[in-house]
Every structure is written in structure tokens, then in C-alpha cells.
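Notes for the one structure printed next.
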Amino acid sequence: MIEVLQVASEAYPLIKTGGLADVVGALPAALAPEGVRMRTLLPGYTTIIAALAVADVNATALNDIPCGPARLLEAQIGGLDTIVLDAPGLYAREGGPYRDAAGQDWPDNPLRFASLAAAAARIASGALPGWRPQIVHAHDWQAGLAPAYLRWWAVPDTKSILTIHNLAFAGKFDASLLETLWLPPDAMAIDRLEFYGAGSMLKAG
């Protein structure tokens, strides 16, 4: 059995804004007959935390990611073998996954999704007792830093895959955020994540 952790900002039927959620929600069942056991790491949006209220949840503390202390919540929800990054300061808010009620991008989106990607790398390093993925499958810019963290943090024996669903969104962030996002200074290079003077999470992946 191949153990895979997929990392995404949305998954049907738990949270959906477009086709990304459909793919993420369908992949575990589609790949199971091929000998792939897939678990899905998602942000702890208010709606997902509410869905956990009726699930059997296992919680693990996670302290070493950019946003600071958080929890990993493991449960079967929405038909998915799910791991939720419970960080209320990042995700417990009104509005959509990426924008507020007025349609403006959340100003802390770089930190929100860098922390999600970092959580994936920590899981690959053994943050969850008794389970480590052989492959981390990152979806779109929101998970784009996961393969980069795996590389920079020298996580052993873990491969990564990046699937691009929409090339129009690069996950750009200001270069001044490198330290905040726990990225090395030399990451801001043309052959790494530099993108027209800014950083790009998608390019990093």
C-alpha cells in the first residue's frame, strides 16, 4: 500500500469554490483500487470544524509551523480520511476560504497557506504518531510551499507531487515575508520562488 498525503485548500463535499474541490474529493476513492491509501490535509475553516463535531476525532499538538501552536485533527468526515489543521487565528472567520465578505483577499493568505504547507511537511516528518506518508501531493498555489519545505527541511524518504489546477493564480507574496513564512533568504532566486520581484508559492512547488 502506498501512503499519500494530499494537501489542498478545499475538498468536496466539505468546502468547495470550484473544480479543485471536486478533484481532491474524488481522488482517494479513485486511487484506492490502485493500492493507494490517501489522507487529505485541509485548513480548519469554520464549516469543517463544525463537521468534526459529530466525528470521532484524534487531536495532536503541532507547534513548529509559521503560525505558531496549532492542532492536527484526524477524522473521517464527508467520506474522506481527513486531517484538519486547527488554527483558529487563521481560519475561524466569516467569508470564503480566500476572501472576506466584501470580496477582498484575506491579507494574511500567505501565512494561512504557508502554515498549511508547513503542516504537511511536519506530518511527513512524523508529526502524527504511527503514520508517515511516502508521497505528499500538493494541489495548486495554496499547497505549493509543501514540496519546498520538504526540500529545505531535508525531510527524508518523502517524494512530492504538485498538481496545477489554475495557472492564473500563482500565490504571490511580498519578498519581505520570507522570514515570517520560515523560508531561507536564498529562496528569493529566479531558479527557486522569485517571480517578478515577489515570491510565488506555485513556483516554489
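Observations on the model:
- Cβ pairs under 8 Å, 6+ apart, first in region 143-160 and under 16 Å from residue 180 (Cα atoms) and among the acidic types (Asp, Glu), second open to solvent by 60 Å² or more (accessible area, probe 1.4 Å) and assigned to a helix (DSSP H, G or I): none
- Of all the listed residues (92, 75, 102, 70), the sole one being closer than 21 Å to residue 11 by Cβ and out of contact with any Leu (no Cβ under 7 Å at 6 or more places or on another chain) is 92.
- All told, residue 85 meets the bar of being in a strand (DSSP E or B), within 21 Å of residue 16 (Cβ to Cβ) and in contact with a helix residue (DSSP H, G or I) (Cβ under 6 Å, 6 or more places away or on another chain).
- Each residue in region 32-60 was checked for being of a type outside the set (Asp, Glu) and in a helix (DSSP H, G or I), and 11 pass.
- Residues of region 1-56 satisfying the condition of being open to solvent by 50 Å² or more (accessible area, probe 1.4 Å) and of a type in the set (Ser, Thr, Tyr): 12, 17, 46, 47
- Scanning region 100-110 for residues that are at pLDDT 95 or above and exposed (fewer than 14 other Cβ atoms within 10 Å of the Cβ) returns a single hit, 107.
- Cβ separations smaller than 8 Å between residues 6+ apart or across chains give the following pairs from region 78-89 residues that are closer than 15 Å to residue 28 by Cβ and small (Gly, Ala, Ser) to residues that are open to solvent by less than 20 Å² (accessible area, probe 1.4 Å) and in a strand (DSSP E or B): 78/11.
- Test: residue 68 is in contact with a Ser or Thr (Cβ under 9 Å, 6 or more places away or on another chain) and over 24 Å from residue 131 (Cα atoms): no
- Qualifying residue in region 27-36 (condition: touching a Lys or Arg at 6+ places or on another chain (Cβ under 9 Å) and either more than 24 Å from residue 201 (Cβ to Cβ) or modelled with pLDDT of 95 or more (or both)): yes
- Selection count where residues are polar (S, T, N, Q) and surrounded by 13 or more Cβ atoms within 10 Å (Cβ to Cβ), scope region 59-84: 2
The values are calculated or read from the model by the stated rules, or taken from the named source; none is laboratory data. All values derive from a computational prediction rather than experimental measurement. Quick reminder, even Gly has a Cβ in these numbers, built from the backbone with ideal geometry, and neighbours come from all protein chains shown. Ligands, DNA and RNA are excluded from the accessible area calculation, which covers all protein heavy atoms including side chains. Shrake-Rupley method; radii C 1.70, N 1.55, O 1.52, S 1.80 Å.
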